[in-house]
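One structure below.
The values are calculated or read from the model by the stated rules, or taken from the named source; none is laboratory data. Note that the structure is predicted; figures quoted are calculated from it, not measured. When we count neighbours, we look across all protein chains shown, and the Cβ atoms used for this are built from the backbone with ideal geometry, even at glycine. Remember, those area values only see protein heavy atoms, side chains included, never the ligands or the DNA or RNA. Shrake-Rupley method; radii C 1.70, N 1.55, O 1.52, S 1.80 Å.
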Amino acid sequence: MSVEVRHITKCFGSFVALDDVSLHVPTGRLAALLGPSGSGKTTLLRIIAGLEFADAGSGPVLFHDEDVAGTRVGQRRVGFVFQHYALFRHMTVFENVAFGLRVRPRRLRPPRDTIRAKVRQLLELVQLDHLASRFPSQLSGGQRQRVALARALAVEPKVLLLDEPFGALDARVRKELRLWLRRLHSELNVTSVFVTHDQDEALEVADQIVVMNRGRIEQAGTPDDVFHHPKTEFVLHFLGEVNQFHGRIGADRVHLGPIELPYEGNGHAVGSDARVFVRPHDVTIDTKTNGLPAIPAVVLRIHSAGPVVRVELRTSAGQSLVAVLSQERFDTMHLSPGNSVFVRPRHIRVFTEAQSPGVVFGDSAGGSAA
């Protein structure tokens, strides 16, 4: 069941929550609506669900080419999972999952034995069959969220919608449930859309990422597309830490302080000012220049607890930047705060005032393009 919205606008008074938004989620895809608070992602999810309606003049909301824009939420056959579980406290886990089936009109309600078998099957699927007789207050946060998901799946939804499903959980449980949701989706293959402001969560779980900002879609694509080929500065910044430099566009170079880096222009005018971005893991640190273009810098702080080492530096021009090294690389360098080093940016992204990105290059010595 594919989901598509076309030219959706939604205003709350003078606030524009959605501004001419169009999106297509193919059948079986797990899509993440990613963005900061107020970007419009939850409003878009609620319009897909039928909990909100778009403004007059907006386009259709299509479930597999059927326009459901004027259809009430109960007729859309969507499963909805909220951040705060919304479980019935006076009902057991079993009764919570069975609720959606038992409140159907009599002519559509499955027989009692069928409901019982369906609920048992779902509780096994979410690995909670041994807790069927417990009440929500007797469960952990992660267990409650799995009950909420089982309840949403009980009505055999055409589309599964999740609004910040792990936002109320601690970091460890959140990570566990991300992996669990990815495995569950691969097994069920239900077209799903979930809202999150956590870029790590989106990159790890989703097949398709939709980055939203101020009511508009900045970029939609696979996790690899949006992370490695951001179309706007907002996407670049929102999908992880990034260092920023000021540069100037040359014919086939970008001038970055004391060095020039190979650069394949994208219609940028020669001589124009540029903003040059590089992610911390694409900053190489050496104790010698080795004959390659490099920027002198001083080590300020080192954070070595964890799988990678984070090094904070200041260049000779006063520019602060961060580099990330593997533990193996760090062990061979014997770095300490106060050490003088040389840094080389790799895989840069270049933007000018027109906001259009330049082509990424591989290595400052002229390596392969990324």
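Structure data summary
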{"quantity": "Accessible-area composition of segment 189-289, carbon plus sulfur, in percent [1.4 Å probe]", "calculated": "45"}
{"quantity": "Inverse of mean 1/r across different Cα pairs in segment 112-255, Kirkwood, Å", "calculated": "17.8"}
{"quantity": "Cβ-derived FRET efficiency at R0 56 Å, PHE88 paired with SER320, nearest 0.05", "calculated": "0.60"}
{"quantity": "Sites matching trypsin sites (Lys or Arg not before Pro) across segment 98-195 that sit in DSSP coil, with at most 14 neighbouring C-beta atoms within 10 Å", "calculated": "ARG106, ARG107"}
{"quantity": "For the chain, built as a Gaussian network whose Cα springs stay under 10 Å, the top-fluctuating residue of VAL103, VAL242, VAL343", "calculated": "VAL103"}
{"quantity": "Globularity index of segment 1-93, i.e. its alpha-carbon radius of gyration over 2.2 N^0.38 Å", "calculated": "1.16"}
{"quantity": "Cα extents of segment 176-320 along the three principal axes, largest first (Å)", "calculated": "54, 42, 26"}
{"quantity": "Net length gained if the chain between GLU187 and ASP65 were fully extended (0.36 nm per residue, minus Cα distance)", "calculated": "41.5 nm"}
{"quantity": "Helical contribution to [θ] at 222 nm, DSSP H n ≥ 4, -39,500 (n - 2.57), averaged over the chain, rounded to 500", "calculated": "-7000 deg cm²/dmol"}
{"quantity": "Cα-Cα separations in the chain greater than 34 Å, expressed as whole percent", "calculated": "42"}
{"quantity": "Relative contact order computed over segment 180-332 (Cα-Cα under 8 Å; 6+ residues apart), in percent", "calculated": "13"}
{"quantity": "Pairs of lysine residues in the chain - Cα separation under 30 Å, sequence separation of 8 or more or cross-chain", "calculated": "10"}
{"quantity": "Most mobile listed residue (ALA171, ALA297, ALA32) in the chain, GNM with C-alpha springs under 10 Å", "calculated": "ALA171"}
{"quantity": "Among GLY142, GLY40, GLY306: highest mean-square fluctuation, GNM of the chain, C-alpha pairs under 10 Å", "calculated": "GLY306"}
{"quantity": "For segment 1-53, diffusion coefficient by Stokes-Einstein and Kirkwood Rh (Cα), 20 °C, 1.002 mPa s, µm²/s", "calculated": "183"}
{"quantity": "Rough spin-label spacing in nm, given labels placed 7 Å along Cα→Cβ, for PHE12 and ALA168", "calculated": "1.9"}
{"quantity": "Charge tally in the Cβ shell below 13 Å around ARG6, where Lys, Arg are +1 and Asp, Glu are -1, ARG6 excluded", "calculated": "-4"}
